[in-house]
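The values are calculated or read from the model by the stated rules, or taken from the named source; none is laboratory data. Computed from a prediction, not measured in an experiment: that's the story for all the values here. Cβ sites come from the backbone with ideal geometry, for glycine too, and all protein chains shown count toward neighbours. SASA here: full protein model, heavy atoms, side chains in, ligands and nucleic acids out. Shrake-Rupley method; radii C 1.70, N 1.55, O 1.52, S 1.80 Å.
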Amino acid sequence: TGGKLYGYFLQLSTEGPTPKAIEKIRDFANVRHIYFVTYDSWPRAGFVRSRAASFADASYGIQGTKLVIYEYQ
């Protein structure tokens with residue numbers, strides 16, 4: 001991957017999602033739903049996940065893995 005969308009992912013994975021960032025991605029990609037996947041081994045994973053969960057519409061832990069998916073509608 002690359003380009004602007006990957007830049008958004010890097011921002012979310014290091015700084016954590018914000019409502020403003022999610023809206024920018026939604027507008028850029030022209031989509032209604034956004035899914036953001038996190039992994040336990042990321043630096044600052046706890047911070048990123050707490051920020052992601054603070055306004056997500058739903059979240060899903062994948063059993064047997066260290067992944068959590070956050071959904072924004």
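For the chain, the dipole from Cβ point charges (+1 on Lys and Arg, -1 on Asp and Glu) about the Cα centre works out to 120 debye, to the nearest 20. Normalising the Debye intensity of the chain to I(0), with uniform scatterers on Cα atoms only, and taking log10 at q = 0.24 Å⁻¹ returns -1.16. Using a probe of 1.4 angstrom and keeping all protein chains present, the accessible surface of segment 19-64 works out to 70 square angstrom per residue.
What do you get for the angle between helix 3-15 and the principal long axis of the chain? Use alpha-carbon atoms, 0 to 90 degrees, nearest ten. Approximately 40 degrees, to the nearest ten. Between 0 and 90 degrees, the angle of helix 19-29 with respect to the longest Cα principal axis of the chain falls at about 60 degrees. Based on C-alpha pairs under 8 angstrom that are at least 6 apart in sequence, the chain has a relative contact order of 32 percent.
The simple Förster model, with R0 at 22 Å and r as the Cβ-Cβ distance, assigns T14 and S41 a FRET efficiency of 0.95.
Here the chain has 54 percent of its accessible surface on carbon and sulfur atoms, given a 1.4 Å probe and all protein chains in place.
Using the Karplus relation 6.51 cos²θ - 1.76 cosθ + 1.60 with θ = phi - 60°, the per-residue 3J(HN,Hα) values for segment 58-73 come to 7, 9, 9, x, 8, 4, x, 10, 10, 9, 10, 10, 10, 10, 10, 9 Hz, with x marking Gly and Pro. Over segment 9-51, Cα pairs under 8 Å with separation of 6+ residues give a relative contact order of 50 percent.
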